[in-house]
There are 2 protein chains.
Amino acid sequence: MRVLVVDDEVRLARSLRVGLEAEGFAVDVANDGTDGLWLARENDYDAIVLDLMLPGINGYKVCETLRAEQDWTPILMLTAKDGEWDQVEGLDTGADDYLTKPFSFPVLVARLRAVARRGARERPTELRVGDLRVDPAARRVWRGETEVELTAREFSMLAFLARHPGDVVSKRQILEAVWDVDFDGDPNIVEVYVRHLRNKIDRPFGRQAIETLRGAGYRLRSDGG
Amino acid sequence: MRVLVVDDEVRLARSLRVGLEAEGFAVDVANDGTDGLWLARENDYDAIVLDLMLPGINGYKVCETLRAEQDWTPILMLTAKDGEWDQVEGLDTGADDYLTKPFSFPVLVARLRAVARRGARERPTELRVGDLRVDPAARRVWRGETEVELTAREFSMLAFLARHPGDVVSKRQILEAVWDVDFDGDPNIVEVYVRHLRNKIDRPFGRQAIETLRGAGYRLRSDGG
DNA sequence: CGTCGACGACGAGCACACGCATAGGGGCCT
DNA sequence: AGGCCCCTATGCGTGTGCTCGTCGTCGACG
């Protein structure tokens with residue numbers, strides 16, 4: 001169980017290292033945000049304990065950056081005063097849990113085990129394919145900076161494609177994912193909706209994100225067209 | 001140290017009772033939400049372990065009800081699948097901590113001690129979505145500076161929406177959260193209440209906080225409209 | 001290099017189910 | 001007894017999903 005501790009308070013960091021190692025964790029320590037980010041990128045941790053207040057890059061940004069780079073390592077955020085830190089905000093940044101200082105060590109361990117056990121869940125938050133952004137939770141889509149309105153079916157289909165960027169997906173796969181596993185209508189419907197999608201996310205922007213592979217299926221270009 | 005365990009899984013409840021008593025807790029057990037609520041009202045516990053999925057009144061509602069009655073007994077929420085339960089939502093309902101099943105017993109004990117030690121906290125939580133303010137504890141709502149009067153159902157529904165600002169919530173989700181997990185009546189009821197809400201928090205202010213997404217559900221604009 | 005076949009693109013039209021609106025009855029509490 | 005709230009029931013408009021027929025285009029093969 002590998003853990004990265006990012007905290008600038010040297011004494012606290014040290015006692016965390018000792019304590020966690022006694023609990024059987026393998027611990028790395030960084031004393032500022034830059035180092036923390038670097039270590040997090042280079043290694044594969046089971047969890048990261050991240051202080052919010054840091055010299056250089058603060059914990060908030062570190063977390064945000066990792067998530068933006070598709071790194072979903074579980075993060076336990078440490079916050080100094082509960083007043084100025086909004087829990088919701090913390091979790092929204094992409095942290096998996098938070099703890100308010102001062103905290104008791106057993107609680108930290110318990111929480112750490114909990115977030116690590118849950119593991120790096122892949123986040124549904126936002127799919128990015130080139131300059132195409134799909135947010136399944138909010139059911140919103142952007143091409144670059146402009147938002148695009150899609151109907152339920154259109155969205156469902158784009159979301160499916162966006163989950164397989166650069167891959168060829170057959171008509172059958174699309175039918176099963178977007179319609180039903182035992183869909184037996186006219187497969188033509190897929191072509192119709194591909195067209196609708198192209199009219200909304202490609203044509204107005206003079207781009208070509210959805211490619212046709214004759215006899216094989218469709219492919220969403222991973223560079224977004 | 002008195003603890004109330006509310007869980008419908010009889011075997012789990014029993015082993016929790018045995019384990020916690022071995023740890024020195026005095027344990028009461030309820031097997032459904034109704035009993036749990038009743039026991040919580042009648043007695044003065046140091047903490048409550050509350051399962052989310054319950055027959056009768058679900059854990060979500062139990063928690064909400066207690067808080068509405070100004071009962072701040074620390075609550076540790078147990079959630080079945082981490083997928084369908086949003087941690088933020090759990091904490092905002094008024095729970096003090098949460099634990100995802102399956103969990104290890106020592107972790108449960110540690111967390112339980114932690115929330116109990118912290119004690120009955122005074123309630124801060126207020127949900128803010130744009131200029132819309134929802135106070136789940138006090139059951140009050142403001143649009144800007146003017147307070148809005150809502151009925152129980154209306155409030156429950158708005159609170160749910162406010163816990164997912166900017167996200168689409170399906171009619172099914174709303175039914176499960178606001179009504180019951182196994183609600184089987186006419187989903188039309190959701191539309192009716194959406195209308196009521198709009199009449200109270202949107203129309204008088206010439207705003208549009210609740211959006212309709214055909215075939216998908218509803219969305220509370222995160223800027224409040 | 002030309003022809004033919006198959007697959008996909010396209011446009012328009014139709015049906016329907018989804019969501020909106022409103023009214024009214026039943027139950028609970030005061 | 002009255003009022004309030006919750007839910008059911010029904011009609012209505014419209015956006016959405018889907019069907020269908022035709023046209024265009026790619027690719028294979030002689």
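The values are calculated or read from the model by the stated rules, or taken from the named source; none is laboratory data. Note that the structure is a prediction, hence the values are computed from the model and not measured. Quick reminder, even Gly has a Cβ in these numbers, built from the backbone with ideal geometry, and neighbours come from all protein chains shown.
For this structure, a couple of remarks:
- Residues in the stretch A:173-183 that are of a type outside the set (Asp, Glu) and farther than 20 Å from A:Ala209 by Cα: A:Trp179, A:Val181, A:Phe183.
- Among residues of the stretch B:154-180, those that are within 15 Å of DNA strand C (Cβ to nearest atom) and over 19 Å from B:Glu64 (Cα atoms), counted: 5
- Conditions (1) within 14 Å of chain A (Cβ to nearest Cβ); (2) charged (D, E, K, R); (3) within 21 Å of B:Met53 (Cα to Cα); number of the one not met by B:Asp180: (1)
- Scanning the stretch B:212-225 for residues that are charged (D, E, K, R) and surrounded by 15 or more Cβ atoms within 10 Å (Cβ to Cβ) gives B:Arg219, B:Arg221.
- Among residues of the stretch A:203-224 that are free of Cβ contacts under 8 Å to residues at least 60 places away in the same chain and within 13 Å of A:Ile174 (Cα to Cα), those with a Cβ under 8 angstrom from a residue that is of a type in the set (D, E, K, R) and more than 12 Å from DNA strand D (Cβ to nearest atom), sequence gap 6+ or separate chain, pair up as A:Gly217/A:Lys171; A:Tyr218/A:Lys171; A:Arg219/A:Asp167.
- B:Ser170, sole failed condition from (1) surrounded by 14 or more Cβ atoms within 10 Å (Cβ to Cβ); (2) touching a helix residue (DSSP H, G or I) at 6+ places or on another chain (Cβ under 7 Å): (2)
- Output for the stretch B:213-225, where each listed residue is away from DNA strand D (no atom under 15 Å from the Cβ), farther than 22 Å from B:Glu64 by Cα and modelled with pLDDT of 90 or more: B:Arg221
- Residues in the stretch B:89-127 that are facing chain A (nearest Cβ under 8 Å) and at pLDDT below 60 were compared, and the one that is farthest from B:Met77 (Cα to Cα) is B:Asp92.
- Residue match in the stretch B:128-139 (condition: within 14 Å of another protein chain (Cβ to nearest Cβ), on the phi < 0 side of the Ramachandran plot and within 16 Å of DNA strand D (Cβ to nearest atom)): yes
- Residues satisfying the stated conditions in the stretch B:175-212, i.e. over 30 Å from B:Glu145 (Cβ atoms), of a type outside the set (S, T, N, Q) and within 9 Å of DNA strand D (Cβ to nearest atom): B:Trp179, B:Asp180, B:Phe183, B:Asp184, B:Gly185, B:Asp186, B:Pro187, B:Ile189
- B:Glu191 meets all of the listed conditions (1) on the phi < 0 side of the Ramachandran plot; (2) at pLDDT below 90 but one, namely (2).
- Pair list, Cβ < 8 Å and 6+ apart or interchain, from the stretch B:101-112 residues that are of a type outside the set (D, E, K, R) to residues that are surrounded by fewer than 18 Cβ atoms within 10 Å (Cβ to Cβ): B:Phe105/B:Gly19; B:Val109/B:Gly19; B:Val109/B:Glu23; B:Ala110/A:Pro106
- Tallying residues that are under 21 Å from the mean Cα position of the chain (by Cα) and within 16 Å of A:Ala110 (Cβ to Cβ) within the stretch A:19-48 yields 2.
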